[in-house]
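Asks: Have a look at this one before I ask anything.
The values are calculated or read from the model by the stated rules, or taken from the named source; none is laboratory data. Predicted model only: the values in this text are computed from it and were never measured. Methodologically, a virtual Cβ is constructed for each residue, glycine included, from the backbone with ideal geometry; neighbour enumeration extends over all protein chains shown. Accessible surface is based on the protein model in full, side chains and every heavy atom, while ligands, DNA and RNA are left aside. Shrake-Rupley method; radii C 1.70, N 1.55, O 1.52, S 1.80 Å.
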Amino acid sequence: MPEPLKVVVTGAAGQIAYSLLFSVAKGDVFGKNQTLELLLLDITPMMEVLNGVVMELQDCAIPLVKKIVATDDPNVAFKDVDAAFMVGAMPRREGMERKDLLKANVKIFKAQGESIEKLSKKTIKILVVGNPANTNACILSKYAPSIPKENISCMTRLDQNRAQAQIANRLGVSSDKVSNIIIWGNHSSTQFPDVTHATVEVQGKNLPVYEAIKDDNYLKNDFIKTVQQRGASVIKARKLSSAMSAAKAACDHMHDWFCGTEAGKWVSMGMISDGSYGIEKGLMYSFPVSIKDGVSSIVQGLTISDFAREKMDVTAAELADELQAAMAECSD
């Protein structure tokens, strides 16, 4: 077996990590033959809960897991790490102003970015899950400047999975029959789930989604709103935010990043913009991405309609405002 990968999960005592850790440990993400060292980071008041999570992982008796470290010290958690699931972030609480939320998350991702800069491997692949994910990833990148920009991403895979499921359910097919849905922009209610370039296999035929659905009004209205508001719908029904589906999406994202995507197929990942599609450089924006040999590339040459451009510009503007507000909270 290969040498163990060192994988850190922040917010490791939380509900998303509780679902995430089992999938990572049993080989769903990095492979069934890849051994692992798990470094679990949380804040000091959560250490007793985290120790319980460690007990459960031990009791799973998973052969791939060679070592588990539970800690409240970033300097322990990020030492020589190969991959990072940045799940922990300050959630918005009742009565909290937006600037207060941004300030709290700047503090968290500044400290963690500085530890990564100092201690982690320069080849580390970082997935920011904690919201606001796009902006948090930009802050982390600012404080870990030697980590290549393409090695820092944020998660919009949950939105892609949600969109894929909606199309599959509409057509009565399994979700794996739907390909190349794009999530543009922010992981927020301004995101744009785009099926213009998507295809679906129906009764053995591969069709454009627009041709298969035969309802442009649905695809340009209710479908988009359903995906945009799905997180709020889960909270309303469950009285808690998405956890199982968020963990599954994080695993999907990291798996594809390490193992690659099929030729001609892509996934949506939040990546630092290089100016593609007219999106301002430096924004952490969700694009269609193809991945080969661990290298992720923003898909180029896609036709963008006026309808799509309008949606993309709205979410890009929100991201630019959010990043500007967060950067104003940085002390240096």
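Asks: Tell me the mean residue ellipticity at 222 nm calculated for the chain from its helices only (DSSP H runs of n ≥ 4, each -39500 (n - 2.57), averaged over every residue, nearest 500).
Replies: The helix-only estimate for the chain comes to -13000 deg cm²/dmol at 222 nm.
Asks: Obtain the nm distance between the two label points defined at Met327 and Lys281 by a simple spin-label model: each point lies 7 Å from its Cα along the Cα-to-C-beta direction.
Replies: 1.3 nm
Asks: Can you list residues whose amide H is under 5 Å from Lys121's amide H, if they're 5+ apart or on another chain and H is modeled 1.01 Å from N?
Replies: Asp80, Val81
Asks: If R₀ is 51 angstrom, what is the calculated FRET efficiency for the pair Lys292 and Glu48, using the beta carbon separation as r and rounding to 0.05?
Replies: Efficiency for this residue pair is about 0.70.
Asks: Calculate how steeply helix 157-171 sits against the longest principal axis of the alpha-carbon atoms of the chain, using the helix alpha-carbon long axis, and give the answer as 0 to 90 degrees to the nearest 10.
Replies: Taking the Cα atoms of the chain, the angle to 157-171 is about 40 degrees.
Asks: Viscosity 0.692 mPa s, temperature 37 °C: what is the translational diffusion coefficient of the chain from Stokes-Einstein with a Kirkwood Rh over Cα pairs, rounded to a whole number of µm²/s?
Replies: 162 µm²/s
Asks: Further question on the same structure: Less than 15 Å Cβ to Cβ from Glu48, Lys/Arg counted +1 and Asp/Glu -1: what total charge do the surrounding residues give?
Replies: Charge balance near Glu48 sits at -3.
Asks: If you don't mind, there's one more thing I want to ask. What shape does the stretch 1-155 take by its C-alpha gyration tensor, where a ≥ b ≥ c are the square roots of the eigenvalues and a/c under 1.5 counts as rounded, a/b above b/c as prolate, and the rest as oblate?
Replies: oblate
Asks: Report Rg(Cα)/(2.2 N^0.38 Å) for the stretch 239-332, keeping two decimals.
Replies: Against the compact-globule rule of thumb, the ratio is 1.25.
Asks: Would you list the P(r) distribution for the stretch 42-124, with all Cα-Cα distances sorted into 10 Å bins from 0 and each bin expressed as a whole %?
Replies: All Cα pairs, binned at 10 Å, distribute as 15, 37, 34, 12, 2 percent.
Asks: Using alpha carbons only, how many degrees (0 to 90, rounded to 10) separate the axis of helix 47-60 from the longest principal axis of the chain?
Replies: 80 degrees
Asks: I'd like the carbon and sulfur percentage of the solvent accessible area for the chain, probe radius 1.4 Å, heavy atoms only, ligands and nucleic acids excluded.
Replies: 51 percent
Asks: Applying the Karplus parametrisation 6.51 cos²θ - 1.76 cosθ + 1.60 with θ = phi - 60° to the phi angles of the stretch 299-314, what ³J(HN,Hα) value in whole Hz is obtained for each residue in order, glycine and proline being reported as x?
Replies: Residue by residue, the stretch 299-314 yields 5, 10, x, 7, 6, 10, 6, 4, 4, 5, 4, 4, 5, 5, 5, 5 Hz.
Asks: Right, something else. Can you list residues from other chains, or at least 5 along the same chain, whose modelled amide H is less than 5 Å from the amide H of Val299?
Replies: Sorted by chain and number, the residues that satisfy this are Val289, Ser290.
Asks: Looking at the chain as a GNM with Cα springs under 10 Å, which of Leu319, Leu57, Leu102 has the largest mean-square fluctuation?
Replies: Comparing Leu319, Leu57, Leu102 in a Gaussian network model of the chain, the most mobile one is Leu57.
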